[in-house]
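Asks: Handing you a structure now.
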Amino acid sequence: MIRNVRLTVNDREVYGFEGQKILDLCAECGIKIPTLCYDPHLSVHGGCSVCLVEIEGARSLMRACTNTVAPNMVIKTNTKRVTDARRLALELLLSDHVGDCRPPCSITCPAQGNVQAYINLTAQGKYREALDVLHEHVTLPASIGRVCTAPCQAKCRRNLADEKEPVSIREIKRFVSDWGMNAGGLGEIPHIEENGFKVAVVGGGAAGLSAAYFLRLAGYSVVLYEKEEYLGGMMRYGIPDYRLPPQILEREAEWLTKSHGVAVKTKVAFGKDIKLEELRTDYDAVVLAMGCWRSSALRVPGEALAGVVGGINFLYTVNNHNPMKLGKRVAVIGGGNTAMDACRCAVRCGAQKVYLVYRRTEDEMPAEKIEIKEAKEEGVEFIFLAAPKIIEGNGIVERLVCEKMSLGSPDASGRRSPVPTGEIFILEVDNVIAAVGQGIDFRNIPEVLHDGRQMKVNENYETPLRGVFTCGDQQSGARIAIEAIGNGHFCAEAVDAWFKTGKAKKRFVYDVTNPNFSSENIPIQKRAALPREHPREEEAGVRLANPNKEYNHGLTEEQVKTDSARCLECGCADIFECKLREYATELEVNPSRVAGVHILKSEMNLESVNKYYVRNMDKCVVCGRCVRICDEIAGVHAIDFTKRGFETLLSPQFYRDMELSDCTFCGLCAQACPVGALLEKRAERLPHSEIPNTVKTTCPHCPLGCGLIMNLDKSRKRIVRITTEIGDSCANRGLTCLKGRYHFKDMMEGRLLTPEIDGKATTWSEALPKALFALNGAQNGEAKDIDRKVAVFIGGTVTNEEIGAFKDFISRIRADFKVAAPDAEGLSELISSFWQDTDKGKNFPVIYELVKQAAQRVKQTDVLVGNAAWDKLDQLISKSPNAKGLENSGIANSTAGKIVSSIRRNEFKTVMFIEISPESVGLRAEDLKNVASIRIDSHIHNSSVTNIALPSAPWSEKEGNFTGIFGALLPVHIGMLPLGDERSIRWIFSH
């Protein structure tokens, strides 16, 4: 088309052609305009109002999908008016959108770990892939897998099926990370593109390590400063060795830093050894992540006595293995995990009596239940509803005066507040350890950065000083380690945004959540109770006899696979391609401001429509793409809009089941859906947020040769779904039958992955010589003429290139080959009867629609002939994809029937089956008992029927061409990587 329409888009002069949609022109110019309802291959709908643009001279905003370009038109796509209108349109759609984008475990994780992904990869035994997913968010997974309080497990929906028995997410994380260490590495080190900027990170704890790692991945030259001898911060010096062995943390920290090129300078204290102004002079940005190293005061008289020590100070001394003088009786004040660590360390340091004094009851303790249980087992005495009032002694601690408390109304934390009763009691103690909190040590931090209580920092991690940022506990206050990891990651992203745009920006991610999810929403097949797996732990006596040794042995591999398989696979499987969520995140929507009462469109949010896909009308945004693609591409019109207003549905006529409608299960509606309201039943244990690898190929199910797109998992070891390319790029224009769309599981199931001899696994080096001898026995000089006759059955899933390799092979072998290609027999006669009647369109949707379109193009209604030809069409569709290629090759010099009869008369000593089964040509085990049989195939369910079984690559692992029924060459490309030791047929015949 002639581009003669000159116009201006965002102050840029561009040229379009007459009749071109504004949206299409902008896409060509690299200008992204959001849309949910538009597809260039479908009629215009204009219903979502997300593609609005501003046109000079127009009173209102205009839809880019319905309006065409005009000479001298001036278009603005990014004004505030446009952005606000698009945001409002999205918020209105989202206000009535119910479901789950990500599962609650991932949303709850402070580091935003992709829990659903690494758990389900682990369930498949893909530990390397699971570890890679972990490192996308969780920088110290082996360490966190030992000490995290696991807020994700509290929100795990397995709790609804198995009462308070979540998936063991923390232990699975630990297993995967330990597996990586034992397997020789924590992961591949990527090539990093240097960007030329330098960043200093001060503080080598969880937040600092995380910030340094993600800044380094983004291309920054990073130097990490740490005041201590070892990296790890509070995880290294505040958590006892028996919970987190230091060598584990050290190895992970080294991988994050040294392996990725982060320079580390230890024993360098901020404010003493190096000043902030030095860092600002030497670096383009500075990230402060020094944490909270000051123990909070008890604020009671006597706190200055000798023998009173802060919880952090006590643990720092113990973890540094420095001498720690404790008396026989120790009181620890507090109820969190630091208090648990302190009292248990006091036992290990030799204290004969250790009290844990807490002002609330055990139910209100923030410490983990397992920590409380194990502390009790180790002899710690818990005193609840008690608060310290005075510490008494003559220069040193001698006694602790406590006041009994009662519980009042809940406070801001949701826990009931402790109320003094006036009743006093005394504990005779030699030491008091105050584990009631921690804060920032401001002594060496410039006053411009803090107010004496907290750092001056905004939501984007910026301080008042340009180029100085802060993260971790120093930014948020004392938090759990996984939160510090996430905080460091998000700070790194904000710093990166600052460099690239001049404005720091914290990530915004929008998620639709379903707060009303209950056990009834769990699919019945996954609702059965399954017990949770627990790690083996040493008893208290053994723990105390080895005070610094890790006593939690983690889950075994068998336990990990069992427990990870309990995952309910929550979250939307369309999250990686959902346009609604993508645009909502980009525009930072807030649907709550327009929220109303949701009208439930189905009695259950997840409605199973048929065995191929599910429909969730509570996610539907009524974009109409499914209706239009069914009508205009599939040519079926099996669904349409029903009802009106907020109750609008998409349904077959008269609300019938899909199986009773005109649906051919071509899957185009699910492929076209932009929001996951229609969703194929994809491969199980699919990491939802994993963007698939896509490879175009040709359908292997019949000689029509429809174009398909294999969607492969990250490892390329399995197909997770099949999609198609809409339009004229391939003969089927995006159409497929249900086999082409859904029957791909056989690529992962029933496969032969190693050579076999007489049903026993062997190697190629043993199998190939035996096969060659069976085929070419005449070369031993003793074979009779009968031994030189070889029967061959070759199936239609071979490519043209494989046919050529076979022809070259038999030309080199001194034997008389009788070859049958059953799929090519009678093919020409069948093709001549291709055009058919219309009454079987549902069985052959691609043929039917192509014929119908041809009739429409030539304005003719009688191109279809009588019903008699349908039987021949059935035969044609049952043929394998390269039947025409076999016919053209001229390789067949006999028929299957003749060869089978000859085998039964014992006229052959060797029979070879190439990508075809003996059963499919009518041969049974007893027919082959007197012959040497060889089978080259990817799917051999009973390989013992043949003497020698050689695994070949299936269609998903092939490279070459098929010949379509009308003679066109149809490309076949390698999608999946080998699952085992299978080889291509070309390799087999060349070796």
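Asks: Does residue 129 fit the bill of being free of Cβ contacts under 8 Å to residues at least 40 places away in the same chain, open to solvent by 10 Å² or more (accessible area, probe 1.4 Å) and within 15 Å of the chain's Cα centre (by Cα)?
Replies: no
Asks: Suppose we filter the range 36-69 for residues that are open to solvent by 20 Å² or more (accessible area, probe 1.4 Å) and within 23 Å of residue 91 (Cβ to Cβ); how many remain?
Replies: The number of residues fulfilling the criteria is 11.
Asks: If you go through the range 390-440, how many residues are acidic (Asp, Glu) and modelled with pLDDT under 95?
Replies: Residues meeting the conditions: 1.
Asks: Need a quick list: strands (runs of 3 or more DSSP E) entirely within the range 558-674 having at least 3 residues that are in contact (Cβ under 8 Å) with a residue 40 or more places away in the chain and at negative phi.
Replies: Output list reads 613-615.
Asks: Among the numbered conditions (1) within 20 Å of residue 684 (Cβ to Cβ); (2) open to solvent by 30 Å² or more (accessible area, probe 1.4 Å); (3) in contact with a helix residue (DSSP H, G or I) (Cβ under 8 Å, 6 or more places away or on another chain), tell me where residue 112 comes up short.
Replies: For residue 112, the exception is condition (1).
Asks: Could you figure out which of (1) basic (Lys, Arg); (2) under 21 Å from residue 533 (Cβ atoms); (3) open to solvent by 40 Å² or more (accessible area, probe 1.4 Å); (4) out of contact with any Cys (no Cβ under 8 Å at 6 or more places or on another chain) isn't true of residue 81?
Replies: Going through (1) basic (Lys, Arg); (2) under 21 Å from residue 533 (Cβ atoms); (3) open to solvent by 40 Å² or more (accessible area, probe 1.4 Å); (4) out of contact with any Cys (no Cβ under 8 Å at 6 or more places or on another chain) one by one, residue 81 breaks only (2).
Asks: Here's a follow-up. Tell me yes or no: at least one residue of the range 446-458 is out of contact with any Ser or Thr (no Cβ under 6 Å at 6 or more places or on another chain) and assigned to a strand (DSSP E or B).
Replies: Looking through the range 446-458, at least one residue is out of contact with any Ser or Thr (no Cβ under 6 Å at 6 or more places or on another chain) and assigned to a strand (DSSP E or B).
Asks: A further question on this structure: Which condition number in (1) under 22 Å from residue 516 (Cβ atoms); (2) out of contact with any helix residue (DSSP H, G or I) (no Cβ under 7 Å at 6 or more places or on another chain) is the one that residue 101 fails?
Replies: Residue 101 satisfies every listed condition except (2).
Asks: Given the conditions (1) part of a loop (DSSP other than H, G, I, E, B); (2) out of contact with any strand residue (DSSP E or B) (no Cβ under 7 Å at 6 or more places or on another chain), report the number of the one that residue 535 does not fulfil.
Replies: (2)
Asks: A follow-up question, please. Suppose we filter 767, 791, 774 for residues that are under 41 Å from the mean Cα position of the chain (by Cα), modelled with pLDDT of 85 or more, open to solvent by less than 20 Å² (accessible area, probe 1.4 Å) and closer than 16 Å to residue 948 by Cβ; which single one remains?
Replies: 767
Asks: Oh, and also: Of all residues in the range 354-377, which are touching a residue at least 60 places away in the same chain (Cβ under 8 Å) and surrounded by 16 or more Cβ atoms within 10 Å (Cβ to Cβ)?
Replies: Within the range 354-377, 355, 357, 368, 374 meet the criteria.
Asks: Which numbered condition in (1) touching a strand residue (DSSP E or B) at 6+ places or on another chain (Cβ under 9 Å); (2) part of a loop (DSSP other than H, G, I, E, B); (3) open to solvent by 30 Å² or more (accessible area, probe 1.4 Å); (4) under 21 Å from residue 586 (Cα atoms) is the only one that residue 19 fails?
Replies: That leaves (4) as the condition not met.
Asks: Can you tell which of 144, 172, 119 is over 19 Å from residue 569 (Cβ atoms) and surrounded by 20 or more Cβ atoms within 10 Å (Cβ to Cβ)?
Replies: 144
Asks: Tell me which of these residue 213 doesn't satisfy, since it passes every other one: (1) more than 30 Å from residue 175 (Cα to Cα); (2) in a helix (DSSP H, G or I); (3) of a type in the set (Phe, Trp, Tyr).
Replies: (1)
Asks: Right, here's the next one. Taking strands (runs of 3 or more DSSP E) that do not extend beyond the range 894-991, which have at least 2 residues that are among the hydrophobic types (A, V, I, L, M, F, W, C), surrounded by 24 or more Cβ atoms within 10 Å (Cβ to Cβ) and modelled with pLDDT of 90 or more?
Replies: Of the strands (runs of 3 or more DSSP E) lying wholly inside the range 894-991, those with at least 2 residues that are among the hydrophobic types (A, V, I, L, M, F, W, C), surrounded by 24 or more Cβ atoms within 10 Å (Cβ to Cβ) and modelled with pLDDT of 90 or more span 910-914, 948-951, 969-972.
Asks: I would also like to ask the following. Quick one: which residue in 228, 193, 188 is open to solvent by 10 Å² or more (accessible area, probe 1.4 Å), at pLDDT below 95, of a type in the set (D, E, K, R) and outside any helix (DSSP H, G or I)?
Replies: So the residue among 228, 193, 188 that is open to solvent by 10 Å² or more (accessible area, probe 1.4 Å), at pLDDT below 95, of a type in the set (D, E, K, R) and outside any helix (DSSP H, G or I) is 188.
Yes or no, residue by residue, for (1) over 30 Å from residue 48 (Cα atoms); (2) among the hydrophobic types (A, V, I, L, M, F, W, C); (3) loosely packed, with under 13 Cβ neighbours inside 10 Å:
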site: 508; (1), (2), (3): no, yes, yes
site: 523; (1), (2), (3): yes, no, yes
site: 543; (1), (2), (3): yes, no, no
site: 553; (1), (2), (3): yes, no, yes
site: 558; (1), (2), (3): yes, no, yes
site: 568; (1), (2), (3): yes, yes, no
site: 577; (1), (2), (3): no, no, no
site: 590; (1), (2), (3): no, no, no
site: 594; (1), (2), (3): no, yes, no
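Asks: Given the criterion more than 21 Å from the chain's Cα centre (by Cα) and either touching a residue at least 60 places away in the same chain (Cβ under 8 Å) or within 30 Å of residue 555 (Cα to Cα) (or both), identify the matching residue among 185, 196, 219.
Replies: Answer to the selection: 185.
Asks: Taking the residues in the range 92-116 that are at pLDDT below 95 and outside any loop (DSSP other than H, G, I, E, B) as candidates, determine which candidate is farthest from the chain's Cα centre (by Cα).
Replies: That would be 92.
Asks: Under 25 Å from the mean Cα position of the chain (by Cα), buried (at least 24 other Cβ atoms within 10 Å of the Cβ) and not in a helix (DSSP H, G or I): which single residue out of 201, 167 fits that description?
Replies: Result: 167 is the single residue among 201, 167 that is under 25 Å from the mean Cα position of the chain (by Cα), buried (at least 24 other Cβ atoms within 10 Å of the Cβ) and not in a helix (DSSP H, G or I).
Asks: When both residues are 6+ apart or on different chains and their Cβ atoms are under 8 Å apart, which pairs have a first residue that lies in the range 920-939 and is under 26 Å from residue 746 (Cβ atoms) and of a type in the set (Lys, Arg), and a second that is open to solvent by 20 Å² or more (accessible area, probe 1.4 Å) and assigned to a loop (DSSP other than H, G, I, E, B)?
Replies: That search, which allows pairs on different chains as well, returns 935/917.
Asks: Quick one: would you say residue 504 is among the small types (Gly, Ala, Ser) and within 25 Å of residue 680 (Cβ to Cβ)?
Replies: no
Asks: Residue 479 versus (1) in contact (Cβ under 8 Å) with a residue 12 or more places away in the chain; (2) out of contact with any Ser or Thr (no Cβ under 9 Å at 6 or more places or on another chain); (3) closer than 30 Å to residue 247 by Cα; (4) in a helix (DSSP H, G or I): which is the lone unmet condition?
Replies: (4)
Asks: Here is a follow-up. Filtering the range 305-325 down to residues that are modelled with pLDDT of 95 or more and part of a loop (DSSP other than H, G, I, E, B), which residue is surrounded by the most Cβ atoms within 10 Å (Cβ to Cβ)?
Replies: 307
Asks: Then there is this: From the list 690, 659, exactly one residue is of a type in the set (Asp, Glu) and closer than 24 Å to residue 636 by Cα. Which is it?
Replies: One residue alone meets the criteria, 659.
Asks: Checking residue 31 against (1) within 22 Å of residue 588 (Cα to Cα); (2) in contact with a helix residue (DSSP H, G or I) (Cβ under 8 Å, 6 or more places away or on another chain); (3) assigned to a loop (DSSP other than H, G, I, E, B): exactly one of these is not met. Which one?
Replies: Of everything listed in (1) within 22 Å of residue 588 (Cα to Cα); (2) in contact with a helix residue (DSSP H, G or I) (Cβ under 8 Å, 6 or more places away or on another chain); (3) assigned to a loop (DSSP other than H, G, I, E, B), residue 31 misses just condition (2).
Asks: So, one more: For residues that are over 24 Å from residue 884 (Cα atoms) and part of a strand (DSSP E or B), tally how many sit in the range 703-748.
Replies: Residues in the range 703-748 being over 24 Å from residue 884 (Cα atoms) and part of a strand (DSSP E or B): 7 in total.
The values are calculated or read from the model by the stated rules, or taken from the named source; none is laboratory data. What you see is a predicted model; the values in this text were computed from it and never measured. Glycine gets a Cβ as well: all are built from the backbone with ideal geometry, and neighbour counts include every protein chain shown. With ligands, DNA and RNA removed, areas are computed over all heavy atoms of the protein, side chains included. Shrake-Rupley method; radii C 1.70, N 1.55, O 1.52, S 1.80 Å.
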